Amino acid sequence: MSREEELKKLLTSYVRAEMDQIQPEEMDGYDHEFSSRHRKKIQKVLRGGKGFLKRISMGHAARRAAAAALIIVSLLSVTQISARIFGFRPWNYNSSFEDEYIMDKKEYLGPNENISIDDENLLKVIKEVPDDIPEGFVQKKVKDGIVSLSAEWERPDHAQIRYCRINLTGSMSMWVNSECSTKERVSIAGYEGYCYAKDMHAWFQWDDTMYCHWLDISGTENAKDELVKIAWSLYQQPGE
């Protein structure tokens, strides 16, 4: 079975699992009782338009199938590289929310057994620090520790960029500030991540096969777009 077929099978299984969780009896209006007058009108329509309703049903089914195909095709074309691993988690973890501190917590359990970290389709970090930094920012410092690395950039107007990565193991936890206006799923080099944003401040957290990454930018317009470019530069050869 090809990787494309494996991904389609995985997506199909995921959609079916999501649909199986729908409980019609819990939906608004499930126990609504129509009036006798309304039921008589419906019965009349059904008796006189079986063929018409059948054609409508077939049309709806075709549109649903087309929509499903569009979703799969869209997912496969999200990134130019390794679209087959879009949104994949290289590490398994338990997630929770720390209400007292307004932070998301991840407890890592170990590598995802469904993929190999040696897969040639998985992009690897090839730089110590990002190099696609917006104009005007000057690198302030880089700290390279035994299991972590961090770097900072600053602009004359005090806008800042901060990057940190930690070597991943199967027995560590990470907390991310979730006091934000929006939180959304993103894809960085094909890996699943999350973007938090509030006003002119945005921060990413994502994992690849080797590292847990955290990237932050403040005091900048289009903060999310800038973070995407900065994060991607870790995996790109110069000039790409």
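The values are calculated or read from the model by the stated rules, or taken from the named source; none is laboratory data. As the structure is a computational prediction, the values presented were derived from the model and not from experiment. In this analysis, Cβ positions are derived from the backbone assuming ideal geometry, glycine residues included, and neighbour counts consider all displayed protein chains. Surface accessibility is based on the protein's heavy atoms, side chains included, excluding ligands, DNA and RNA. Shrake-Rupley method; radii C 1.70, N 1.55, O 1.52, S 1.80 Å.
Just a few scattered comments:
- Highest to lowest packing among 206-214, 194-202, 98-106, scored as the average C-beta count within 10 Å: 206-214, 194-202, 98-106
- Full extension of the chain segment joining Ser171 with Leu109 gains 21.7 nm, where the gain is 0.36 nm per residue of separation less the Cα-Cα distance.
- Neighbourhood net charge (9 Å Cβ-Cβ; Lys/Arg +1, Asp/Glu -1) for Pro90: -2
- Alpha carbon Rg of the stretch 156-196, scaled by the compact-globule rule 2.2 N^0.38 Å: 1.49
- Extension gain, Glu98 to Glu120: 0.36 nm times the residue separation minus the Cα-Cα distance gives 4.3 nm.
- Segment Asp199-Asp225, extension gain: residue separation times 0.36 nm, minus the distance between their alpha carbons: 8.0 nm
- Probe 1.4 Å - accessible area at Ser116, Å² to nearest ten: 60
- Environment charge at Arg165 (Cβ cut-off 13 Å; Lys +1, Arg +1, Asp -1, Glu -1): -1
- Across the stretch 132-189, C-alpha contacts under 8 Å between residues 6 or more apart give a mean separation that, scaled by the residue count, equals a relative contact order of 22 percent.
- Our summary gives the stretch 115-234 a relative contact order of 25 percent, counting only alpha carbon pairs under 8 angstrom and 6 or more residues apart.
- Computed from label points 7 Å out along Cα-Cβ, the spacing between Met210 and Arg155 is 3.0 nm.
- The Lys127 and Arg185 beta-carbon pair, evaluated with R₀ = 25 Å, returns a calculated FRET efficiency of approximately 0.55.
- Sorting the segments 157-168, 120-131 by their residues' average number of neighbouring beta-carbon atoms within 10 angstrom, most packed first, yields 157-168, 120-131.
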